[in-house]
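Report on the structure given below.
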Amino acid sequence: MKTSDSQSALSLERGVAILDAYGASPARWPEAQREAMLALLMRSSELRAHRDAAANLDSSLDLWDVQAKAHPFLLPESLPTQHAREQQRRDSLIDDLLSPLVGWQRLAFAAAPMMIGFFWGLQGTNAVEDWSTTEFSLLNPIPEVTSNE
C-alpha cells in the first residue's frame, strides 16, 4: 500500500494520539494511517520515546489476566444484605443527632413545640366554655391590625 499525501502529513500530535489510543503495536493502529505513522516514527525521536512508553504500558496490561466468573449468581451473593444497609442508615442517623456540632440543635428544635405545649398545659384549665369565639379569634386576623387605615 502506498502512502498518499494526506498520510505523509501526519502530525506529531496525531501520532501521540494514535499511540495513546491504540498502543505501540502497529497491527492495532488504523490501517489508513499505519504507513504514515511508521514513517513519522523513523523521523521523530520524541515519538519513538512515546512509543517505548506505550510499549511498557502494553506489556503491563498484557500481564493482567481477567478471569470471568463461572457462576452467574456470584454477584448477588457478594452484595451486602439489606439489613446491613438499614443498620448503617440507623447508625448514621443516631450519629447525626448526637453530633456535637449540629445534633443537639436539631433535637432542641424538635422538642421545643412539645415543651411549649407541656408548659401551656400546666397552667391549668381554660375558663372559656365556648371555644368557637376563641377559635374564630385565632384563625381570623383582627381587622384593626390588618387594615391599611
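No value in this document is a laboratory result; all are computed from the given coordinates. Everything numeric in this text was worked out from a predicted model, so none of it was measured. With ideal geometry, Cβ positions are generated from the backbone for all residues, glycine too; neighbour counts draw on all protein chains shown.
Summary table below
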read-out: Label-point gap, in nm, between L61 and E135 - each point 7 angstrom along Cα→Cβ; value: 7.6
read-out: Estimated FRET transfer efficiency when R0 is 22 angstrom, pair R43-D20 (beta carbons, to 0.05); value: 0.70
read-out: Rounded to whole Hz, the Karplus (6.51, -1.76, 1.60) HN-Hα couplings of the stretch 108-119, x for glycine and proline; value: 5, 5, 6, 7, 4, x, 5, 5, 4, x, 5, 5
read-out: Gyration tensor (alpha-carbon) shape descriptor, the stretch 6-55, a/c threshold 1.5; value: oblate
read-out: Karplus 3J(HN,Hα) series, Hz, for the stretch 41-46 with 6.51 cos²θ - 1.76 cosθ + 1.60 (x for Gly, Pro); value: 5, 5, 8, 10, 6, 5
